[in-house]
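Student: The following block contains the structure, expressed as structure tokens.
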Number of protein chains: 2
Amino acid sequence: METTDVLVIGGSAAGIVAATTGKSFYPDKKFMLVRHEEQVLVPCGIPYIFGTLDNSEANVVPDAVLFNAGIELKIGHTDFIDQEKKQCRFSDGAVVAFEKLVLATGSTPIIPSWLPGTDLENVYTVPKDKVYLDAFKKRLDGLEKVAIIGGGFIGVELADELSKAGKKVTIVEKMPHILSLAFDRELALKAEAVFQSKGVDIKTGSGARELRGSQKVEALILNNDERIETDAVILSVGYRPNSELASRSGLDINEMGFIKVNEYMRTQHFDIFAVGDCAEKFSFLTRTLKGLMLASTACAEARIAGMNLYKLSTVRTFNGTIAIFCTAIGDQAFGAAGVTENLAKERGFEIISGMFEGVDRHPGTLPDTQPQIVKLIASMDSGAILGGEVMGGNSIGELINMIGFVIQNRMSIDALLTSQIGTHPLLTAAPTAYPLIKAAEVIAKKKRSMKPLTA
Amino acid sequence: METTDVLVIGGSAAGIVAATTGKSFYPDKKFMLVRHEEQVLVPCGIPYIFGTLDNSEANVVPDAVLFNAGIELKIGHTDFIDQEKKQCRFSDGAVVAFEKLVLATGSTPIIPSWLPGTDLENVYTVPKDKVYLDAFKKRLDGLEKVAIIGGGFIGVELADELSKAGKKVTIVEKMPHILSLAFDRELALKAEAVFQSKGVDIKTGSGARELRGSQKVEALILNNDERIETDAVILSVGYRPNSELASRSGLDINEMGFIKVNEYMRTQHFDIFAVGDCAEKFSFLTRTLKGLMLASTACAEARIAGMNLYKLSTVRTFNGTIAIFCTAIGDQAFGAAGVTENLAKERGFEIISGMFEGVDRHPGTLPDTQPQIVKLIASMDSGAILGGEVMGGNSIGELINMIGFVIQNRMSIDALLTSQIGTHPLLTAAPTAYPLIKAAEVIAKKKRSMKPLTA
């Protein structure tokens, strides 16, 4: 029987960060990471192996990340966790004893059981599996028309990349707009317009009812009876947490299928942690259970588990998960943090929103100037910022992180109006028309117009 | 005699924002803006008229900004403010009575009195004056070698642009490194390396002693006796606040020459405000007087004055000025917020710093991947972040604004380690190696290694 101090199960972002952070905080402890894949892909880079990167080799996480940190790597399937003995059993019969265990078992694409025809040839999902994806990509090479079911981030990024690679792409989304978990109508329409300008077909408002074909998929039928001829179908309707190992080993699972954890990512067993896609999450704003799966969230959780394995070295100052997304479609980037206007209303917030459209350089005559739009959603009474949605050039990734910090620090419209920013002609909007501040001004102006006039 | 409700003196960023914000908050009031220039330039865009923009026309602020907001524009020189009568007198004899007055009179380049030869031909400064700059640019067209005295932001940006325009440029900086008010040695060296790769000469550590020539400038002599042959000299050694009008009208001026104001940008006269380069500033962190002049700071002050002209509608939640800079040199961008390590030590802070070098895309095999470096400076005991310095691609502008929010919200290393960010392959660093978080980890690790070991 092997022994280690800390055992991490799962080799993607969450597992790597839990192991490397833990090793950095507890350098005298022995760390071992177990995964079943021979090679691991950068998870967020997966859509880009179909176009921009053109192959999965360029998207492999080098194992040197682990070796250089002094972490032992083992390839294998974990069958069972013996909570009492603190041992893991592997499918090859090996047993590893641990002091601390971190589960980072990830997630698996959902194959919709309500959709007939998903067993036809050329129907694919998007798992984090290099072998599967390589075969999938090779198969697509000979095909022309691709239909993507699900207009979330994965579906949208694949659509953009496959369109770059010359495919005729259709996105099918049952909601009225694509990306509707992250964006309200205004910015979703902008994203749809970028796709339309690239020749990607968007079918919203009527979901898929059936896949048809003899052996190979040939067509997709929508709920409104529309028929879309296609050579391949990609199912991107969501992922479910890989919590079977935890469940069969007696760890508590929540009603959404995630491994239950406390704020330090600890399961009900003091020495067993869970992080990433498989671990329970609560909304920062609404306190409700959340099914969010993002590599950045996974890494934040993994850092917390890693730092606190042996002692509570870091007080966890946030109390829930904020969704912070960003993506690129064509040469436009989109980002969202916190709640949309729609979600805020649905959850019972009384809100007020404001939007400002500017440009991301100043003067706007500079080369590479792009439009920049910021929408802010605030609580009506407190003025606290609850959400933000942005569109623009490739500084959008950091701009939405800035809004993420606004939400995490519970800044209000008032705080934004008096806050200080830096600007530069080639790098940002003008100081006179910085969209994040201007959107706050729009809200302040709306609020004033609601009050009785005073002298 | 004309009358207005609000009179704003000064037509650059601060004046425009004070007027438009004020008009937005008090739409029933009559606003008038007076300036002496026929046309106003985007202040931060000025270096770019020498290269990227190639002319000053592309850098003019359209007066529509004022007209569309319903603000009256008057061209003229203000001679005197009668505080008691609340009237301004202009050089053409006109008098305008006001309820509220905002001074946004800006700043003027310093011509160093200690430097012989500044009255030679082809010796220029960089004022915010379109007529002067047009003549200056035209004159440079026929010249080859340009020496720039002063390696701050203006000097550095001009050097980059003139080098792009084919000039042979030398920067002379008396400090050991360029940009040393914003950056410590590590990042200043990176900036110098970019210049060296572009063929720009950098002379640091020995300032200019004398300009020589008969009629036209021909050479620059350094304190170490080195002689630099040149066809033109640009003096970029700083700006002084335009506070003569305020001073001769009896308003209080501080020991650095700035118009004294309180936190709402009010002078000692209840109805007279001052904002921008001419207005007093205190350091956010050290509480000492500050001579900072940035358009973004000016706009933040102008918003505060505009919002609070007639009532304290917005509680000013920040208590001092944070310097937030960014700039671009070649295809590298640099940003800084708060204090440098050097300044923090000089002011008596006990600090700890950490730096992380990563890339701004993930995987790093993606096209357009650039290095990204983050250095953080924190208070040793409290862990509060006091400053940050960054280098990378063109998302640096928003990344440094994010660090600006970290400082304004008084976030600690601990808060950063448990904070949430969003990432995307084409837009940001990897979630596993996001330099802002990793730099905080470096500090946390340093701190741990200082403590006695615990089990």
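The values are calculated or read from the model by the stated rules, or taken from the named source; none is laboratory data. The model shown is predicted, which means the values in this text are computed figures rather than measured ones. Glycine also receives a Cβ, built like all others from the backbone with ideal geometry; neighbour counts cover every protein chain displayed.
Student: Output the residue which, of all residues in region A:47-90 that are touching a Gly at 6+ places or on another chain (Cβ under 7 Å) and away from chain B (no Cβ under 14 Å), is farthest from A:Arg35 (Cα to Cα).
Tutor: Ranking the candidates gives A:Gln83 first.
Student: When region A:1-25 is examined, which residues are found to be facing chain B (nearest Cβ under 10 Å) and over 23 Å from the mean Cα position of the chain (by Cα)?
Tutor: The answer is A:Ser24, A:Phe25.
Student: So which of A:Glu263, A:Glu255, A:Glu280 is at pLDDT below 95 and charged (D, E, K, R)? Break it down into steps so the answer makes sense when it comes.
Tutor: Working: A:Glu255 fails: at pLDDT below 95; A:Glu280 fails: at pLDDT below 95.
Checking each option against the conditions leaves just A:Glu263.
Student: Which ones in region B:290-341 are closer than 21 Å to B:Gly151 by Cβ, more than 9 Å from chain A (Cβ to nearest Cβ) and not in a strand (DSSP E or B)?
Tutor: B:Gly291, B:Leu292, B:Met293, B:Gly330, B:Asp331, B:Val339, B:Thr340, B:Glu341
Student: For residues that are of a type in the set (Gly, Ala, Ser) and crowded, with 21+ Cβ neighbours inside 10 Å, tally how many sit in region B:43-55.
Tutor: Going through region B:43-55 one residue at a time, the tally reaches 1.
Student: Mind counting the residues in region A:217-244 that are under 19 Å from A:Gly142 (Cα atoms) and in contact with a helix residue (DSSP H, G or I) (Cβ under 7 Å, 6 or more places away or on another chain)?
Tutor: 2
Student: Another one. For the condition of a type in the set (Ser, Thr, Tyr) and in contact with a strand residue (DSSP E or B) (Cβ under 8 Å, 6 or more places away or on another chain), what is the one hit in A:Thr3, A:Thr21?
Tutor: The conditions single out A:Thr3.
Student: Could you tell me whether B:Phe273 is within 17 Å of the chain's Cα centre (by Cα), assigned by TED's automatic domain parsing to the domain that holds B:Gln87, in a strand (DSSP E or B) and farther than 21 Å from B:Pro109 by Cα?
Tutor: For B:Phe273, the condition - within 17 Å of the chain's Cα centre (by Cα), assigned by TED's automatic domain parsing to the domain that holds B:Gln87, in a strand (DSSP E or B) and farther than 21 Å from B:Pro109 by Cα - is not met.
Student: Also: In region A:397-434, what residues are of a type in the set (A, V, I, L, M, F, W, C), touching a Ser or Thr at 6+ places or on another chain (Cβ under 8 Å) and under 18 Å from B:Gly387 (Cα atoms)?
Tutor: Selection gives A:Phe405, A:Ile421.
Student: Give region A:98-115 a look and list any residue that's surrounded by fewer than 16 Cβ atoms within 10 Å (Cβ to Cβ) and over 28 Å from the mean Cα position of the chain (by Cα), or say none.
Tutor: A:Glu99
Student: Something else now. Working carefully through the options A:Ala188, A:Ala135, A:Ala182, find the one that is in a helix (DSSP H, G or I) and surrounded by 22 or more Cβ atoms within 10 Å (Cβ to Cβ).
Tutor: Numbers: A:Ala135 fails: surrounded by 22 or more Cβ atoms within 10 Å (Cβ to Cβ); A:Ala182 fails: in a helix (DSSP H, G or I).
One residue alone meets the criteria, A:Ala188.
Student: Ok, one more. Suppose we keep only residues that are hydrophobic (A, V, I, L, M, F, W, C), under 22 Å from A:Cys326 (Cβ atoms) and over 25 Å from the mean Cα position of the chain (by Cα) within region B:320-370. Which one would you say is surrounded by the fewest Cβ atoms within 10 Å (Cβ to Cβ)?
Tutor: Only one residue fits best here, namely B:Leu366.
Student: Which of (1) at pLDDT below 95; (2) within 14 Å of chain A (Cβ to nearest Cβ) does B:Ala344 not meet, given it meets every other one?
Tutor: Result: B:Ala344 fails condition (2) only.
Student: Report yes if B:Arg240 is modelled with pLDDT of 95 or more and over 23 Å from the mean Cα position of the chain (by Cα), otherwise no.
Tutor: In short, no.
Student: I'd like to know if region B:38-55 contains one or more residues that are among the aromatic types (Phe, Trp, Tyr) and more than 23 Å from the chain's Cα centre (by Cα).
Tutor: No, region B:38-55 contains no residue that is among the aromatic types (Phe, Trp, Tyr) and more than 23 Å from the chain's Cα centre (by Cα).
Student: When you scan region B:369-391, how many residues do you find that are among the charged types (D, E, K, R) and closer than 17 Å to B:Glu346 by Cα? Before the answer, list the steps.
Tutor: So the first thing to find is which residues in region B:369-391 are among the charged types (D, E, K, R), and the list is B:375, B:381, B:389.
Those left that are additionally closer than 17 Å to B:Glu346 by Cα: none.
Counting residues in region B:369-391 that are among the charged types (D, E, K, R) and closer than 17 Å to B:Glu346 by Cα gives 0.
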